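Q: Got a structure for you, written out below as structure tokens; questions coming shortly.
The values are calculated or read from the model by the stated rules, or taken from the named source; none is laboratory data. Small disclaimer: the values here were computed from a predicted structure and weren't measured. Using ideal geometry, Cβ is built from the backbone for each residue, glycine included, and neighbour counts are taken over all protein chains shown.
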Amino acid sequence: MLYYPKEYCGLFGIYGIDNASYLTFLGLYALQHRGEESCGIVSCDGKRFFVHKGMGLVSDVFNEENLKNLKGHFAIGHVRYSTTGSSHIRNAQPLFVDYLKGSLAIAHNGNLVNSLELREKLESQGAIFQTSSDSEIILHLMLRCKKHDLIEKLIYALSKVKGAYSLLLMDEKRIIGVRDPLGFRPLCIGKKDSSLCLASETCALDLIEADFIREVLPGEIVVIDKDGLHSYKPFKETKRKAFCIFEHIYFARPDSVIFGETVHLVRQKLGERLAFEHPVEADFVIGVPDSGNSAALGFSHFSKIPLEIGIIRNHYVGRTFIQPHQKIRDLGVRVKFNILKEVIKGKRVVIVDDSIVRGTTSKKRIKQFRELGAKEVHLRISCPPHKFPCFYGIDFPSQKELIANNCSLEEIRKFLDVDTLGYLSLEGMLSCVKFRKEDYCVACFTGNYPVKFKSADKFLLEK
């Protein structure tokens with residue numbers, strides 16, 4: 001079966017504009033790369049809430065008619081891949097509940113590492129869950145808090161959870177944005193005319209012609225209401241942060257600003273460093289679309305080896321196309337990518353890709369290059385070997401399925417059938433980003449998890 005890391009989720013919300021759902025739709029459209037499994041929008045006119053969710057792509061779930069029915073001057077939206085919680089319409093977000101004091105919607109990007117422990121405790125106290133998503137735990141914790149103020153309820157709930165989260169919440173009065181104290185997941189603030197918005201990536205702001213103001217700070221709660229933007233910092237500031245390095249390597253769109261840097265420029269630096277660490281003689285460099293393109297450009301600049309377009313991506317194929325039938329699985333790489341035979345035949349080729357997970361997809365791609373007549377195939381990877389699963393919202397497989405955890409570099413090279421193989425070093429990767437090396441989460445490479453959790457939770461999360 002083909003395997004690609006699943007982008008965890010994408011968030012977008014806007015307050016103070018007519019037909020807020022239309023702009024939320026556009027924001028989610030820009031964030032589609034962060035989740036192709038399900039999507040949803042909840043809007044509000046200050047009194048009534050309107051909800052529409054569905055399985056599939058943003059353009060399939062929403063149309064003119066249902067967007068027209070999502071009335072109101074503020075809204076939040078979500079695109080999703082399942083990390084904790086199965087792929088099912090009941091887990092589509094934003095989650096929406098009615099309770100004694102009113103109504104509340106929540107959208108979550110990330111993963112709570114103590115969700116199993118918390119869920120078991122809440123269920124023992126009589127809580128009934130409608131979904132298998134860890135996001136619902138935050139709602140249950142909030143509604144069990146004795147405090148009357150919604151922000152105080154939220155602070156109470158967040159004091160109980162551990163892990164990675166960027167959140168959007170909405171009641172009848174406001175939109176609330178939250179980022180966990182270590183800042184695993186991105187969340188930014190924008191302004192369009194007199195309205196304010198929140199988004200996982202700045203590319204969503206660009207699409208609706210909103211100005212980027214700043215990122216929500218790690219551990220910060222921001223509230224947007226009729227009086228503007230309000231900031232709360234209820235948690236003790238940590239000495240270190242844990243920005244997910246994989247945002248720069250793979251997840252974020254290259255035109256987004258993430259953790260204070262333009263993603264394309266970071267990836268280009270990763271490629272330059274990769275060429276420095278693993279030089280090779282070749283006729284040209286080819287990037288694997290799309291996330292490998294920027295690194296390939298950097299590799300070409302540093303090495304002086306010409307950059308060539310050798311792989312054409314079919315942009316009309318989503319991950320949902322890959323069906324559980326052997327014949328279609330075998331053709332999966334060819335469905336998503338086509339290699340230009342006339343370009344690579346008889347040539348020494350450097351392929352630059354962002355990562356190798358299980359290795360099966362890379363192996364099939366290399367086989368195509370061989371069959372189409374490439375003289376030499378050299379593979380360069382713009383991050384270190386993946387040896388450990390992620391428990392903070394990236395759906396990497398269990399440790400036993402990661403090829404770099406089970407094989408030496410030479411064994412991986414032979415398995416993939418490449419002439420040479422080079423991964424970017426951990427030190428090299430961290431030299432390409434602006435903050436201190438200890439401010440990035442690199443647990444998938446090192447096994448050093450910034451937020452600790454019980455071995456029982458780890459076992460079940462891996463399952």
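This table checks each residue for (1) among the aliphatic types (A, V, I, L, M); (2) farther than 20 Å from residue 88 by Cα; (3) touching a Pro at 6+ places or on another chain (Cβ under 6 Å).
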site: 11; (1), (2), (3): yes, no, no
site: 26; (1), (2), (3): yes, yes, no
site: 35; (1), (2), (3): no, no, no
site: 48; (1), (2), (3): no, yes, no
site: 53; (1), (2), (3): no, no, no
site: 58; (1), (2), (3): yes, no, no
site: 67; (1), (2), (3): yes, yes, no
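Q: Quick check on residue 110: is it modelled with pLDDT under 95, closer than 29 Å to residue 209 by Cα and surrounded by 15 or more Cβ atoms within 10 Å (Cβ to Cβ)?
A: yes
Q: I'd like to verify a number: residues in the stretch 5-53 that are in contact with a Phe, Trp or Tyr (Cβ under 9 Å, 6 or more places away or on another chain) and part of a loop (DSSP other than H, G, I, E, B), how many?
A: Count: 12.
Q: Within the group 191, 146, which residue is of a type outside the set (Asp, Glu) and in contact with an Asp or Glu (Cβ under 6 Å, 6 or more places away or on another chain)? I'd like the intermediate steps shown before the answer.
A: Values: 146 fails: in contact with an Asp or Glu (Cβ under 6 Å, 6 or more places away or on another chain).
Among 191, 146, only 191 is of a type outside the set (Asp, Glu) and in contact with an Asp or Glu (Cβ under 6 Å, 6 or more places away or on another chain).
Q: Still on this structure, I have one more. Of these, 156, 165, which one is in contact (Cβ under 8 Å) with a residue 24 or more places away in the chain and among the aromatic types (Phe, Trp, Tyr)?
A: Being in contact (Cβ under 8 Å) with a residue 24 or more places away in the chain and among the aromatic types (Phe, Trp, Tyr) holds for just one of 156, 165, which is 165.
Q: Another question, if that's okay. Out of the stretch 106-139, which residues are of a type in the set (A, V, I, L, M, F, W, C) and either in contact with a strand residue (DSSP E or B) (Cβ under 9 Å, 6 or more places away or on another chain) or under 24 Å from residue 31 (Cβ atoms) (or both)?
A: Hits for the stretch 106-139 are 106, 107, 112, 113, 118, 137, 138, 139.
Q: State yes or no: is residue 157 in contact with a strand residue (DSSP E or B) (Cβ under 9 Å, 6 or more places away or on another chain), at pLDDT 90 or above and assigned by TED's automatic domain parsing to the domain that holds residue 178?
A: Numbers: in contact with a strand residue (DSSP E or B) (Cβ under 9 Å, 6 or more places away or on another chain): no; at pLDDT 90 or above: yes; assigned by TED's automatic domain parsing to the domain that holds residue 178: yes.
Answer is no for this residue.
Q: Do the conditions hold for residue 29, that is, is it touching a Leu at 6+ places or on another chain (Cβ under 8 Å) and closer than 15 Å to residue 171 by Cα?
A: Criteria not met by residue 29.
Q: Separate question: How many residues does the stretch 167-198 hold that are part of a strand (DSSP E or B) and either touching a Gly at 6+ places or on another chain (Cβ under 6 Å) or more than 19 Å from residue 259 (Cα to Cα) (or both)?
A: Of the residues in that region, 10 qualify.
Q: Considering only the stretch 381-400, state which residues are of a type in the set (S, T, N, Q) and closer than 16 Å to residue 248 by Cα.
A: The answer is 382, and nothing else.
Q: Taking the stretch 393-417 as the search range and keeping residues that are at pLDDT 95 or above and among the small types (Gly, Ala, Ser), which one is nearest to residue 443 (Cα to Cα)?
A: 404
Q: In the stretch 250-265, is there at least one residue being farther than 22 Å from residue 14 by Cβ, aromatic (Phe, Trp, Tyr) and part of a loop (DSSP other than H, G, I, E, B)?
A: Yes, the stretch 250-265 has at least one match.
Q: Would you please name the residue that is surrounded by the fewest Cβ atoms within 10 Å (Cβ to Cβ), looking only at residues in the stretch 201-248 that are assigned to a loop (DSSP other than H, G, I, E, B) and touching a Ser or Thr at 6+ places or on another chain (Cβ under 7 Å)?
A: Only one residue tops the list, namely 220.
Q: Can I ask one more? Residue 141 is checked against (1) surrounded by fewer than 23 Cβ atoms within 10 Å (Cβ to Cβ); (2) touching a residue at least 40 places away in the same chain (Cβ under 8 Å) and fails just one. What number does that condition carry?
A: (2)
Q: Among all residue pairs at least 6 apart or on different chains, which show Cβ distances below 9 Å where the first residue, located in the stretch 188-211, is within 17 Å of residue 169 (Cα to Cα) and at pLDDT 95 or above and the second is surrounded by 22 or more Cβ atoms within 10 Å (Cβ to Cβ) and of a type in the set (Lys, Arg)?
A: 200/34; 200/185
Okay, residues lined up against (1) within 21 Å of the chain's Cα centre (by Cα); (2) at pLDDT 95 or above; (3) of a type in the set (Val, Ile, Thr):
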| site | (1), (2), (3) |
| --- | --- |
| 245 | yes, yes, yes |
| 249 | yes, yes, yes |
| 256 | yes, yes, no |
| 261 | yes, yes, no |
| 266 | yes, yes, yes |
| 273 | no, yes, no |
| 280 | no, yes, yes |
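Q: Residue by residue through the stretch 249-282, note down the ones that are over 17 Å from residue 206 (Cβ atoms), buried (at least 21 other Cβ atoms within 10 Å of the Cβ) and of a type in the set (A, V, I, L, M).
A: Result: 249, 266, 270, 274, 275, 282.
Q: Return the residues of the stretch 303-327 that are buried (at least 18 other Cβ atoms within 10 Å of the Cβ) and either at pLDDT below 95 or more than 18 Å from residue 421 (Cβ to Cβ) (or both); say none if nothing qualifies.
A: Correct list: 307, 308, 310, 311, 322.
Q: Something else about it: Go through 143, 158, 116, 139 for me and flag whichever is under 17 Å from residue 235 (Cα atoms) and not small (Gly, Ala, Ser). Steps first, answer last, please.
A: Working: 143 fails: under 17 Å from residue 235 (Cα atoms); 116 fails: under 17 Å from residue 235 (Cα atoms); 139 fails: under 17 Å from residue 235 (Cα atoms).
From the options 143, 158, 116, 139, the qualifying one is 158.
Q: Keeping to the stretch 1-16, report how many residues are surrounded by fewer than 21 Cβ atoms within 10 Å (Cβ to Cβ) and modelled with pLDDT of 95 or more.
A: Residues flagged as surrounded by fewer than 21 Cβ atoms within 10 Å (Cβ to Cβ) and modelled with pLDDT of 95 or more within the stretch 1-16 amount to 1.
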